[in-house]
1. Accessible area per residue, 1.4 Å probe, Å², for the chain: what's the number?
2. Applying the Karplus parametrisation 6.51 cos²θ - 1.76 cosθ + 1.60 with θ = phi - 60° to the phi angles of the range 51-61, what ³J(HN,Hα) value in whole Hz is obtained for each residue in order, glycine and proline being reported as x?
3. Got a number for carbon plus sulfur as a percent of the chain's accessible area, 1.4 Å probe?
4. May I ask for the percentage of alpha-carbon pairs in the chain that lie more than 24 Å from each other?
5. Multiply the residue separation of residue 52 and residue 99 by 0.36 nm, subtract the distance between their alpha-carbon atoms, and state the gained length in nm to one decimal.
6. Students often check this: by mean Cβ neighbours within 10 Å, which of 40-47, 101-108, 17-24 ranks highest, and how do the rest follow?
7. Separation between the residue 41 and residue 14 pseudo-spin-labels, each 7 Å from Cα along Cα→Cβ, expressed in nm?
8. Which aspartates and glutamates have a Cα lying under 19 Å from the Cα of residue 97, excluding residues fewer than 8 positions away in the same chain?
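The values are calculated or read from the model by the stated rules, or taken from the named source; none is laboratory data. None of these values were measured; they are calculated from a predicted model. A quick note on method: Cβ atoms are made from the backbone with ideal geometry, for glycine too, and the neighbour counts reach across all protein chains shown. For accessibility, only protein heavy atoms count, side chains too; no ligands or nucleic acids. Shrake-Rupley method; radii C 1.70, N 1.55, O 1.52, S 1.80 Å.
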Amino acid sequence: QVQLEESGGGLVQAGGSLRLSCTTSRIIFSITDMGWYRQAAGKQRELVASISSGGNTNYADSVKGRFTISRDNAKNTVYLQMNILKAEDTAVYYCNKVRGVITYWGEGTLVTVSS
């Protein structure tokens, strides 16, 4: 079974920064397009950033210019640098693949932005 371990969340004031990490195993990480998702209370999970196996990135409009996704294939790890955080960024953040059927989610990491 795929293992996904997200970390780096916490409480931060609006305008601050956090860097999330996600370590994976049991997938062929280097050829897998990966993404960061988030789910705020009472809302559906949404994809906020993705990175292809070749390093091409895409962002949701709500985070464009503030978040940066990156990956280290040698470490099977994907990162999300989050700057200029806003209260509306408060959510549980998850990483996962962005193509195909997703059958497993990690526990996620909680990001709370105080205004």
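1. Values: 6280 Å² over 115 residues.
That works out to 55 Å² per residue.
2. Working through the residues one at a time gives 9, 7, 4, x, x, 6, 10, 9, 9, 5, 4 Hz.
3. Values: 2910 of 6280 Å².
Carbon and sulfur: 46 percent of the exposed surface of the chain.
4. Numbers: 1157 of 6555 pairs.
In whole percent, the share of Cα-Cα pairs in the chain beyond 24 Å is 18.
5. Working: separation 47, 0.36 × 47 = 16.92 nm, distance 1.01 nm.
Length gained between residue 52 and residue 99: 15.9 nm.
6. Details: 40-47: 10.8, 101-108: 12.9, 17-24: 18.9.
Packing proxy ranking, top to bottom: 17-24, 101-108, 40-47.
7. So the two model labels end up 1.7 nm from each other.
8. Once the sequence-local aspartates and glutamates are set aside, what remains near residue 97 is 5, 6, 33, 46, 72, 107.
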